[in-house]
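Peer 1: Here it is, the structure, as structure tokens.
What follows draws every value from the coordinates through simple rules; no lab data is involved. This one's a predicted model, so the numbers in the text were calculated from it and none came from an experiment. Note that we place each Cβ from the backbone using ideal geometry, even for glycine, and neighbour counts take in every protein chain shown.
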Amino acid sequence: MSQAMHFSDDNLRAYLDGQADADLSRLIEDAVEGDPDLEQRLMALDPFAAAVQEAFLAVPNAARLAKVDLPEAERPSSGGAWRGVAVAASLTLAVGLGFFAGRETAPVQEAAAPTWRQQVANYQSLYVPETVASIEASPEQLQTQFERAGAVLGRDLPLEALAGVDGLDLRRAQVLAFNDKPLIQVAFAADNGVPVAFCIIRLDGDDRHTDPAMDQLAGLPSAHWTRDGYGYLLIGGKGAEGIEAMSESLAQVF
Amino acid sequence: MREEKNLEAAVRAAIKTTLPGLWRFALSLSRQPDVADDLTQATCLRALERYGTLRDTTRLDAWLMTICRSIWLNELRSRTVRQTMSLSEQPDLQISDLKPDAETNIFAAEVFTQVMALPEAQRAAAILVFVEGYSYREAADILDVPIGTIMSRLSTVRAKLREGTSDVAQSGGRDI
């Protein structure tokens, strides 16, 4: 078993900036194949990722997505019965037919995902079940963590509300920061052990009120909403359904 | 039967959350918003038709992207390319074409135009990794190429963006 090769951030920046020589470029590209951590470091340092993401997250608008029509969920009893519907509709696009018009199929698309959410998502994507399984905190430690996090945020952070979420086992509350704004990450293990995070950031000067909206960030299902100057993000798990249900429940408290 | 219902519900939920990204990926393949509409619609219907064959349900979003690419390659690409070739002097797609109702950041508009001017393979890699956040290996799986190919395509994308966009747009990219 060969030991993973270490590359400095300067090496990786040189590669991403097209300044690395052919040997270094080849070494990095070869190493990435067996080194997911290196891959994540490269992705985080990429000088163009954020600019391209900002440009493209602006599209499509909700009206465009509302054109996508899906058959109703109730299905006939026999298996494979979708085939008729699907073949009839495939590639001819139901746009304009209107037979499912008005159904709420399109998630609300924001102009662009705030970068704090993307940053959290990138971080969360590095979590594996072992990450949260290894976090041990006593009830007293959790209480202290929540008090400290609440003080930093400038609002109450009720431990009992987050300790009692169905399907989530509370592991830790951590104080982080994004662009000098306090950012709290509450880590959970879902029933199946998969990591889930609930994050709160103080949005200084932004008092918009938005209801939970689903999104896919860094390959993870997420729900986000804002209330009274704070932004909330629930992210992780194995399915969007679970995140959606939990976000609705959390949005009643936060 | 209950398991099948659950799977269908999971696929529907995945469609709901992946829809914007799916459309963007469809646009990256086709370069034409109307074709992206068709491709997105066809992908969703195909997913609802085929979920019974799913073995791994952990990454339904990536599965949807794979279906999208497959439909594009097998059913829409040749037709679309033929039609595009017959429309000479077709103007480049601008972000304002898709977002006429909102003020567009000039640098975002510049980057959008540059990316849309890239060849299909580079566009698709850039959208999957830079915009949708897939890792290189995930993008490689979706596009069915080696991971080294994704890295090489992204290197080319960066080089072209470096040449084609203003310094401000590039520095905007660093300001995460």
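Peer 1: Provide the net charge surrounding B:PRO119, with neighbours chosen by a C-beta distance below 12 Å and charges set as Lys +1, Arg +1, Asp -1, Glu -1.
Peer 2: Numbers: positive: B:ARG31, B:ARG123, B:ARG153, B:LYS160; negative: B:GLU120.
Neighbourhood net charge equals +3.
Peer 1: For a label point 7 angstrom out from the Cα of B:VAL145 toward its Cβ, which stretches of the stretch B:1-32 have the backbone nitrogen within less than 12 Å?
Peer 2: Inside the label zone: nothing.
Peer 1: Further question: What residues have an amide H closer than 5 Å to that of A:GLN174, excluding those fewer than 5 places away on the same chain, when H is modeled at 1.01 Å from N in the peptide plane?
Peer 2: Residues meeting the amide H criterion: A:GLN185, A:VAL186, A:ALA187.
Peer 1: Another question, then. For A:ALA44 and A:LYS181, calculate 0.36 nm times their separation in residues minus their Cα-Cα distance, and state this gained length in nm to one decimal.
Peer 2: Full extension of this stretch gives 47.3 nm more.
Peer 1: How much length would be gained if the chain were fully extended between B:SER152 and B:ALA9, taking 0.36 nm per residue of separation minus their Cα-Cα distance, in nm to one decimal? Intermediate results must be reported in sequence, preceding the final value.
Peer 2: Values: separation 143, 0.36 × 143 = 51.48 nm, distance 3.77 nm.
Extra length from B:SER152 to B:ALA9 when fully extended: 47.7 nm.
Peer 1: Under 17 Å from the 7 Å Cα→Cβ point of B:LEU93, by amide nitrogen: which residues of the stretch A:31-68?
Peer 2: What the label zone holds, given the 17 Å backbone N cut-off, is A:52-68.
Peer 1: Okay, next question. For the pair A:THR131 and B:ASP56, how long in nm is the line joining their label points, each one 7 Å along Cα→Cβ?
Peer 2: 1.9 nm
Peer 1: What is the set of long-range amide H partners of A:LEU203 at a cut-off below 5 Å, with H atoms built 1.01 Å from backbone N?
Peer 2: A:TYR230, A:GLY231
Peer 1: Which ³J(HN,Hα) values in Hz, rounded to whole numbers, follow from the phi angles of the stretch B:60-68 under the Karplus curve 6.51 cos²θ - 1.76 cosθ + 1.60, where θ = phi - 60° and Gly and Pro get x?
Peer 2: 5, 4, 5, 4, 4, 5, 5, 4, 4
Peer 1: Separate question: Going by amide H atoms built from the backbone, whose H comes under 5 Å of the H on A:ASP69, apart from near neighbours?
Peer 2: It is A:ALA94, by chain and number.
Peer 1: Here's something else I'd like to know. Normalised by the residues of the stretch A:157-254, what does the relative contact order come to in percent, with Cα pairs under 8 Å and at least six apart?
Peer 2: Working: 197 pairs, mean separation 19.8, N = 98.
Relative CO of the stretch A:157-254 lands at 20 percent.
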